[in-house]
Amino acid sequence: MNSGMILETKDLTIRFGGLTAINKVSTQIPEGKIVSIIGPNGAGKTTLFNLITGALAPTEGEILFEGRSLVGKTTEQIARIGLSRTFQNIRVCTRMSVLDNVMISIQRVPSYNIFAALLRLPDVRRADKLAREQAMEYLRLLGIERYASAAAGSLPYGAQRRLEIARAIATKPKLLLLDEPAAGMNNEECSELVDLIRSIHKSQKLTIMLIEHHMDVVMNLSDEIYVINLGSVLRHGLPEAIQSDPEVIRAYLGERRRRD
């Protein structure tokens, strides 16, 4: 593994029957940076995230996290190693309270056994108290602490997005993958999201991979950008270079500008 790279994919490929969804995708994600993945709908961006997090197994290629292969590991094993993600479609436990949603992430690996839990031994009470305090800290960080006792499904859309991010960072990942966090947001909400992600990136000392269609969000946040088109890497570079690249404009940015 190259020095300073927290994640690498090498010739990553996945085929579904005769369809090649991801074709020899090689990426290098520097530790501590924010790297965006952009491209048209159906380009393979979420499929790439699914491969990295173990939801899909590659047909060919390698995925290295801190020099260790992730291929063949389960999603739970990968989460324990230090990767966490959000999804295009919000995934929260809608009937549970906002606070309990975050506590579940904190307590995903209990520090006590089932008998201790049933008897409510002192260690269990202390662990639960600590998890509650930590969960409230994450809710404050995301600006949704006022919803702590509310059912997650009752939250406004933007607050549910924030809750999903709180759940993801509560697992204390080293690498956070955000799949279209600004989906459905207006310009003001997108601006607030940019500030929020910057704050999380700094305070939690995270490396972030970001899939996003809102180009203002991408350009304001990214240290580097990968452009995926038809399952392959079209371009990789700094935001200024990507924004002015003729091939990128033809394949993606130009189409979006015409639609806008």
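The values are calculated or read from the model by the stated rules, or taken from the named source; none is laboratory data. These figures come from a predicted structure and were not determined experimentally. Methodologically, a virtual Cβ is constructed for each residue, glycine included, from the backbone with ideal geometry; neighbour enumeration extends over all protein chains shown.
Within the range 184-197, can one find any residue that is assigned to a strand (DSSP E or B), modelled with pLDDT of 95 or more and either surrounded by fewer than 21 Cβ atoms within 10 Å (Cβ to Cβ) or touching a strand residue (DSSP E or B) at 6+ places or on another chain (Cβ under 9 Å) (or both)?
The answer is no; no qualifying residue exists.
Considering every residue within the range 216-227, establish whether at least one is of a type in the set (Asp, Glu), closer than 30 Å to Ala79 by Cβ, crowded, with 17+ Cβ neighbours inside 10 Å and in contact with an Asp or Glu (Cβ under 9 Å, 6 or more places away or on another chain).
no
Between Leu130, Leu163, which is modelled with pLDDT of 95 or more and not small (Gly, Ala, Ser)?
Leu163
Please return the ranges of strands (runs of 3 or more DSSP E) entirely within the range 18-107 where 3 or more residues are within 29 Å of Ala131 (Cα to Cα).
83-85
Residues that are over 22 Å from Leu70 (Cβ atoms), surrounded by 15 or more Cβ atoms within 10 Å (Cβ to Cβ) and within 12 Å of the chain's Cα centre (by Cα): does the range 166-173 have at least one?
Yes, because at least one residue in the range 166-173 is over 22 Å from Leu70 (Cβ atoms), surrounded by 15 or more Cβ atoms within 10 Å (Cβ to Cβ) and within 12 Å of the chain's Cα centre (by Cα).
Output the number of the condition that Ile228 fails; it satisfies all remaining conditions of (1) within 22 Å of Thr46 (Cβ to Cβ); (2) out of contact with any Gly (no Cβ under 7 Å at 6 or more places or on another chain); (3) assigned by TED's automatic domain parsing to the domain that holds Gly4; (4) of a type outside the set (Ser, Thr, Tyr).
(2)
Would a scan of the range 144-155 turn up a residue that is modelled with pLDDT of 95 or more, buried (at least 17 other Cβ atoms within 10 Å of the Cβ) and in a helix (DSSP H, G or I)?
Within the range 144-155, one or more residues are modelled with pLDDT of 95 or more, buried (at least 17 other Cβ atoms within 10 Å of the Cβ) and in a helix (DSSP H, G or I).
In the range 33-49, is there at least one residue being assigned by TED's automatic domain parsing to the domain that holds Val248, free of Cβ contacts under 8 Å to residues at least 40 places away in the same chain and more than 21 Å from His213 (Cα to Cα)?
No: the range 33-49 contains no residue that is assigned by TED's automatic domain parsing to the domain that holds Val248, free of Cβ contacts under 8 Å to residues at least 40 places away in the same chain and more than 21 Å from His213 (Cα to Cα).
Condition check ((1) in the same structural domain as Tyr252 (by TED's automatic domain parsing); (2) among the polar types (S, T, N, Q)) across all residues:
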| site | (1), (2) |
| --- | --- |
| Ile144 | no, no |
| Leu177 | yes, no |
| Asn186 | yes, yes |
| Asp195 | yes, no |
